[in-house]
Amino acid sequence: MLDPNLKVAFIGGGSMAKAILSGLIFSGHSPKHIMVCTPTAKNRTEIAENFQVLVEHDNLKAVAFADIIILAVKPNMIGTVCDELREEFALRNQPNILVSVAAGINSEQVHQASGNSRVICAMPNLPAAVGQGLTGLHAHESASQEDIKQVNDLMSAVGETMWINNPHHMPSIVAAAGSSPAYFYLFMEAMEKSAIAQGLPAHQAHEAVMQSALGAVSLAKQTGTSFSQLRGQVTSPKGTTEQGIKTFLQRDIEGIVGEAMIKVANRSRELEQSHISS
Ligand SMILES: NC(=O)c1ccc[n+]([C@@H]2O[C@H](COP(=O)([O-])OP(=O)(O)OC[C@H]3O[C@@H](n4cnc5c(N)ncnc54)[C@H](OP(=O)(O)O)[C@@H]3O)[C@@H](O)[C@H]2O)c1
């Protein structure tokens, strides 16, 4: 259960910060206990108006304010932000817990760049905005059991959490969870376009695809039946669905998805090699 007094600061006010902070507010966490530090004035004004949270341009304000600081900048900015925070951390008896959500940055890199802070790496995804996220988490050895509990409570407020013992598995979480909402949206976009091209009004095409996606996921989750068995239940021999499934299989859908996910995971590893250590 998330401590209602826990103070959380985001460094970076982009898509991911907004998704997590929306989810936190949606879960009932007080906006007064949330700060967003981000450089663009227009973005700060919008965030303050939309979420009623505190906003700052100075990243160092996060240090005095927060129990947990979430680094939600692009991976190539993590080194710069950690450089900025390091001196401020050094002045504190008990520096804040740092949670990095950057793809392709490992916990040891953030630990070293931030002057040996307690670090947890998180790989959330966009549905965190509505409390339906999946966050892969890896705790650096510097993090205490209490830190792990606090970060678990925090990310549980915006969806499910999944702890990963082996940091080398984080790129696979990037491929399966961090990036994967985009694959589903791409698939749904293609379905929607085809339904419209076949003559359905756009709003009906959109609703038909969206409700079917929601229903398919809810059914799998509630019954615990495997994806392959459920597919079998929809696909009657010589029926309509079989025609569609055959088309996907002939075009090697598994191969395409496999290749895409390997490329995502490899990109995450590539980023790890190139940032901070460079
Ligand atoms: N988007 C996703 O679905 C997703 C999923 C998993 C993980 N992630 C990770 O989340 C991180 C953020 O991604 P994003 O999609 O949210 O990117 P984004 O929308 O581009 O947001 C990046 C934010 O960083 C801010 N920023 C830039 N320089 C800064 C600085 N020196 N100090 C403080 N803030 C600074 C920008 O500020 P202004 O806007 O104010 O200019 C912007 O709001 C990335 O590391 C990414 O790997 C994203």
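Cβ-Cβ contacts under 9 Å between residues 6 or more apart (or on different chains), taken from a first residue in segment 33-60 that is within 19 Å of L154 (Cβ to Cβ) and touching a residue at least 12 places away in the same chain (Cβ under 8 Å) to a second residue that is basic (K, R) and within 9 Å of the ligand (Cβ to nearest atom), are listed as V36/K18; V36/R44; C37/R44; I47/K18; F51/K18.
Is at least one residue of segment 62-71 away from the ligand (no atom under 15 Å from the Cβ) and in contact (Cβ under 8 Å) with a residue 60 or more places away in the chain? Please lay out each step first, then the result.
At the first step, the residues of segment 62-71 found to be away from the ligand (no atom under 15 Å from the Cβ) are 64, 67-68.
Then drop every residue that is not in contact (Cβ under 8 Å) with a residue 60 or more places away in the chain, which leaves 67-68.
The answer is yes; a qualifying residue exists.
Could you list, in sequence order, the residues of segment 111-124 that are within 14 Å of the ligand (Cβ to nearest atom) and touching a residue at least 60 places away in the same chain (Cβ under 8 Å)? Within segment 111-124, A113, P124 meet the criteria.
Given the criteria closer than 25 Å to M16 by Cα and either in contact with a strand residue (DSSP E or B) (Cβ under 7 Å, 6 or more places away or on another chain) or free of Cβ contacts under 8 Å to residues at least 12 places away in the same chain (or both), does S218 qualify? Yes. Exactly one residue among E242, E259 is surrounded by 13 or more Cβ atoms within 10 Å (Cβ to Cβ) and of a type in the set (D, E), and that residue is E242.
Each residue in segment 84-101 was checked for being modelled with pLDDT of 95 or more and within 13 Å of the ligand (Cβ to nearest atom), and 3 pass. Inclusion of M77 among residues that are closer than 17 Å to G12 by Cα, in the same structural domain as S144 (by TED's automatic domain parsing), free of Cβ contacts under 8 Å to residues at least 60 places away in the same chain and within 10 Å of the ligand (Cβ to nearest atom) is not warranted.
From the list K18, K42, K7, the one residue that fits, being away from the ligand (no atom under 14 Å from the Cβ), within 27 Å of T80 (Cα to Cα) and charged (D, E, K, R), is K7. Candidates A143, A128, A113, A90: the one that is among the small types (G, A, S) and within 21 Å of E270 (Cα to Cα) is A113. Can you find even one residue in segment 178-201 that is within 30 Å of N50 (Cα to Cα), touching a Pro at 6+ places or on another chain (Cβ under 8 Å) and either at pLDDT below 95 or within 16 Å of the ligand (Cβ to nearest atom) (or both)? Yes - at least one qualifying residue is present in segment 178-201. Tallying residues that are part of a loop (DSSP other than H, G, I, E, B) and more than 18 Å from the chain's Cα centre (by Cα) within segment 106-128 yields 4.
Matching residues to (1) in contact with a strand residue (DSSP E or B) (Cβ under 8 Å, 6 or more places away or on another chain); (2) not hydrophobic (A, V, I, L, M, F, W, C):
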{"site": "I120", "(1), (2)": "yes, no"}
{"site": "P124", "(1), (2)": "yes, yes"}
{"site": "S156", "(1), (2)": "no, yes"}
{"site": "E192", "(1), (2)": "no, yes"}
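The values are calculated or read from the model by the stated rules, or taken from the named source; none is laboratory data. Given the structure is predicted, the values throughout are model-derived calculations rather than measurements. Positions of Cβ are generated from backbone atoms using ideal geometry, with glycine treated the same way; all protein chains shown enter the neighbour counts.
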